[in-house]
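Reviewing the structure listed below.
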Amino acid sequence: MIRFDQVSVTYDDTEAPSLHEVDLTVPEGELCLLVGPSGVGKSTLLGTVSGLVPHFTGGTLHGRVTVAGRDTRTHKPRELADVVGTVGQDPLAHFVTDTVEDELAYGMESLGIPPHTMRRRVEETLDLLGLATLRDRPIATLSGGQQQRVAIGSVLTTHPKVLVLDEPTSALDPGAAEEVLAVLQRLVHDLGTTVLMAEHRLERVVQYADRVILLPGPGQAPVMGEPAEVMAVSPVHPPVVDLGRLAGWSPVPLSVRDARRKAAPLRERLAPLAPQAAAAPADGEGLAARPRRRTGFLRKARRAAGPGPGPGPAAIAAAAAGLAVRHGRLVALRDVDLSVRAGETVALMGRNGAGKSTLLRTLVGMHKPAAGSVRVGGVAPQSTSPAELLRHVGLVPQEPRDLLYADTVAAECTAADGDAAAEPGTCRALVSRLLPDVAGTTHPRDLSEGQRLALALAVVLTARPPLILLDEPTRGLDYAAKHRLVEILRGLAADGHAIVLATHDVELAAELAHRVVVIADGEIVADGPTAEVVVSSPAFAPQVAKVLAPQPWLTVGQVRDALGAGS
């Protein structure tokens, strides 16, 4: 269905090719997973299939890419639209209309599909992706994950022969990701659709792949094969594969189920050992676990009993009491009580649209409370000037381009150093830690989504604000970049910075967070130590916890350290 014949792509402002002599075939009716470190050309390879590379992006394409017999060099994207459906990393760049239902219908209307067929397909797609309740909503009011599902749905309605997806689950909560992957499975198995997908969150998708294409690095030939064979040698791999490598299992497991079947001897070795928990702030833990429910009885009982365990002597970096936030008639947050200490890392989790991003934006004054109060570093963010607020809090949003405006990475770093009154070179040093191979002359728009996010992180972290807010900080990051980010954030927490991150990345929460706060429909329904909250929830439990249950292990790092200390 898709054939690459000695394909190389070189962009006009770069010397080295982004893709080098790719020669492979993607069979019809298979789900093919594209993996590799950030910046090795995965998005470029996907773009050659849809014709966006080079017709839209520019650059020079050598070799030949054919899709269903059509040469993408001579067929522009609009001439491939009936065959190839594509969703990029940024759903906002995908949208043409204003509402969910109109966006689902737009592609079909462009292809001249009869109205009665359009209506049926819209209804089917709304049900498939859980969008029925959002059909009349303006797209601008949706969460990032909801927008991702709409973008995927707008492609599915046209029934393309080939689906090209770049990070399709990156902004989705675990449940929504499973729903999208189930839909893709049905398309592949029942309709013979060919799916070519790039994804960094391999723990979600690798077990569903028929084949895996590994792009190891610049100038290296791609490796294509069975998922277990490629994962055994891949530099990027999910925790369950890492655990299999550590335990010496062959073939390496791709799913929790496969790993549990092999894990009995490992559980026996770990039984007398205990994992090392993340160090909490020196002055005590955060709020004790206080599961909350939206029943009037429990809310009244909690208030009658008085306040729960309050913060100890550690400085309070942020606090919300009885907080409510409205977006028009929509209640985004209600009755939120939250306190975050200096040196504490808190993960906000919950389904798409639960209110996580709204809470972060309220902490930087972007939303005015409808009720209750918010304090950040002793000031009310909604009534504090931006210049003053920057001394207390920094936010990295889901869309990193909102923070990037210079023409080069070096210029962004210089501006960040000046804005933060930091020593020259501070931001560049952070960028080098997160993105070791990115040149200072690179334009931010030429970076991959994950690389842009890492640059935005470096810009915010340069100021070292006492409170650091991160909205989906690992979206688009490979495992190596995520590990480097974790080390940086751990260092900041050890220095007394409070960190709050809204994330669907359960592995990140297990690796980094002292506490997990679960939000549902704008209310906090669970708040407690990470090990207690994530292990008790099948949706939020990391892979290692599922494999080694009922033992209390969360990460491969904990297992590796324990086995090393016990040997």
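The values are calculated or read from the model by the stated rules, or taken from the named source; none is laboratory data. Note that the structure is a prediction, hence the values are computed from the model and not measured. Don't worry about glycine lacking a Cβ; one is built from the backbone with ideal geometry, like all the others, and counts go over all protein chains shown. With ligands, DNA and RNA removed, areas are computed over all heavy atoms of the protein, side chains included. Shrake-Rupley method; radii C 1.70, N 1.55, O 1.52, S 1.80 Å.
When the helices (runs of 4 or more DSSP H) confined to region 190-285 are screened for residues that are modelled with pLDDT under 90, none reaches at least 3 such residues.
Close Cβ contacts (under 9 Å, 6 or more residues apart or on different chains) running from residues in region 54-81 that are in contact (Cβ under 8 Å) with a residue 40 or more places away in the chain and more than 24 Å from Gly112 (Cα to Cα) to residues that are aromatic (Phe, Trp, Tyr) and surrounded by fewer than 18 Cβ atoms within 10 Å (Cβ to Cβ) comprise Pro54/Tyr11; Thr57/Tyr11; Gly58/Tyr11; Gly59/Tyr11; Thr60/Tyr11. Taken across region 460-467, residues that are crowded, with 23+ Cβ neighbours inside 10 Å, in contact (Cβ under 8 Å) with a residue 24 or more places away in the chain, touching a Cys at 6+ places or on another chain (Cβ under 7 Å) and of a type in the set (S, T, N, Q) do occur, with at least one present. Is it fair to say Thr141 is at pLDDT 90 or above and open to solvent by 40 Å² or more (accessible area, probe 1.4 Å)? Criteria not met by Thr141.
Which count do you get for residues in region 427-442 that are of a type outside the set (Val, Ile, Thr), buried (at least 20 other Cβ atoms within 10 Å of the Cβ) and under 21 Å from the mean Cα position of the chain (by Cα)? Before the answer, list the steps.
Restricting attention to region 427-442, the residues satisfying the condition of being of a type outside the set (Val, Ile, Thr) are 427-430, 432-437, 439-440.
If we keep only those that are buried (at least 20 other Cβ atoms within 10 Å of the Cβ) as well, we get 427, 430, 434-435.
Now narrow it down to the ones that are under 21 Å from the mean Cα position of the chain (by Cα): 430, 434-435.
So the count comes out to 3.
Considering each residue of region 385-402 in turn, none proves to be farther than 21 Å from Leu492 by Cβ and in contact with a Gly (Cβ under 7 Å, 6 or more places away or on another chain). His62 satisfies every condition listed in (1) open to solvent by 30 Å² or more (accessible area, probe 1.4 Å); (2) within 29 Å of the chain's Cα centre (by Cα); (3) over 27 Å from Gln185 (Cβ atoms) except (2).
Condition check ((1) free of Cβ contacts under 8 Å to residues at least 24 places away in the same chain; (2) more than 22 Å from His504 (Cα to Cα); (3) over 21 Å from the mean Cα position of the chain (by Cα)) across all residues:
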{"position": "Gly112", "(1), (2), (3)": "yes, yes, yes"}
{"position": "Met118", "(1), (2), (3)": "no, yes, yes"}
{"position": "Thr125", "(1), (2), (3)": "no, yes, yes"}
{"position": "Leu131", "(1), (2), (3)": "no, no, no"}
{"position": "Gln147", "(1), (2), (3)": "no, no, no"}
{"position": "Gly153", "(1), (2), (3)": "no, no, no"}
{"position": "Asp166", "(1), (2), (3)": "no, no, no"}
{"position": "Thr169", "(1), (2), (3)": "no, no, no"}
{"position": "Leu187", "(1), (2), (3)": "no, yes, yes"}
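Of the numbered conditions (1) over 25 Å from Leu202 (Cα atoms); (2) open to solvent by 10 Å² or more (accessible area, probe 1.4 Å), Glu487 fails exactly one; give the number of that condition. Just one mismatch for Glu487, condition (1). Scanning region 111-133 for residues that are at pLDDT 90 or above and small (Gly, Ala, Ser) yields a total of 2.
Condition (residue is at pLDDT below 85, in contact with a helix residue (DSSP H, G or I) (Cβ under 9 Å, 6 or more places away or on another chain) and surrounded by fewer than 21 Cβ atoms within 10 Å (Cβ to Cβ)) applied to region 94-110: is it met by at least one residue? There is at least one residue in region 94-110 that is at pLDDT below 85, in contact with a helix residue (DSSP H, G or I) (Cβ under 9 Å, 6 or more places away or on another chain) and surrounded by fewer than 21 Cβ atoms within 10 Å (Cβ to Cβ).
Tallying residues that are at pLDDT 90 or above, crowded, with 18+ Cβ neighbours inside 10 Å and among the aliphatic types (A, V, I, L, M) within region 532-555 yields 7.
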